[in-house]
Structures are given as structure tokens and as C-alpha cells.
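Let me begin by presenting the structure, written as C-alpha cells, before commenting on it.
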Amino acid sequence: MNQVFQQHGLSRGSEYRLVFESWDRIVPPDFVGRAQAVSFRNGKLIVAVESSPLLEELRGYRAGEFIALLNHDISVRGEATHLVVRGIEFRRN
């Protein structure tokens, strides 16, 4: 995986930055500060969530929506056309 990023001029740090910036752009205002991206590895974004009810909402109803929004945002920006978010894991803080 690192070789792919290096071939396209991206480091793991820039990969994180792109995904985290996209998360900040697509997350709804009422979730800001309550659900924060904390890690991205092997195509999976880890999001720390502040409350159990929000965790259940995100896990049960919103994961697919956020994956689609993230991938769209990343592709529209054009900085990393090969970068794909394949999954999201929501965890309680």
C-alpha cells in the first residue's frame, strides 16, 4: 500500500490529512465535536464518538452514507484519485 501512495506522491501523513479534512467537510454540523476522525489505516476510518446514542445512530444508520460522502469529497478534490475509504468503525470515546 505504501508503494502505491509513494508512486502517486502521497505519504501516509498526507493520506491521513486528506481523509481527515474530508471528514471535517462532510460531517453534519450537529455532529461536529461529537464524532471525530482519529485514525485511517488500510482503507478504514476510525471515528471516536462521544455518546452511546450517537454511536448507535452512526453504526446503525449512517456508516454507508458517510463512506459515500467521503469518497465523493476525496475524488472531487482530485488530490488522490486512488484513495478510497472502504469502511468506517465508530468507537465510543
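Any read-out appearing in this document is the output of simple, stated calculations on the displayed coordinates, not a laboratory observation. Since the model is a prediction, treat every value here as computed from it, not as a measurement. Cβ atoms come from the backbone with ideal geometry, glycine included; neighbour counts cover every protein chain shown.
Placing pseudo-labels 7 Å out from each Cα toward the beta carbon at R41 and N93 gives an inter-label distance of 2.2 nm. Projected label points at H82 and V32, each 7 Å from Cα along the beta carbon direction, are separated by 3.4 nanometres.
With a simple spin-label model that places each label point 7 Å from the Cα along the Cα-to-Cβ direction, the separation between E56 and H72 comes to 2.8 nm.
Determine the percent antiparallel among the DSSP beta bridges restricted to the range 10-93, to the nearest 5. Kindly include the intermediate steps, with their values, before the conclusion.
Numbers: 6 of 12 bridges.
DSSP beta bridges in the range 10-93 are roughly 50 percent antiparallel.
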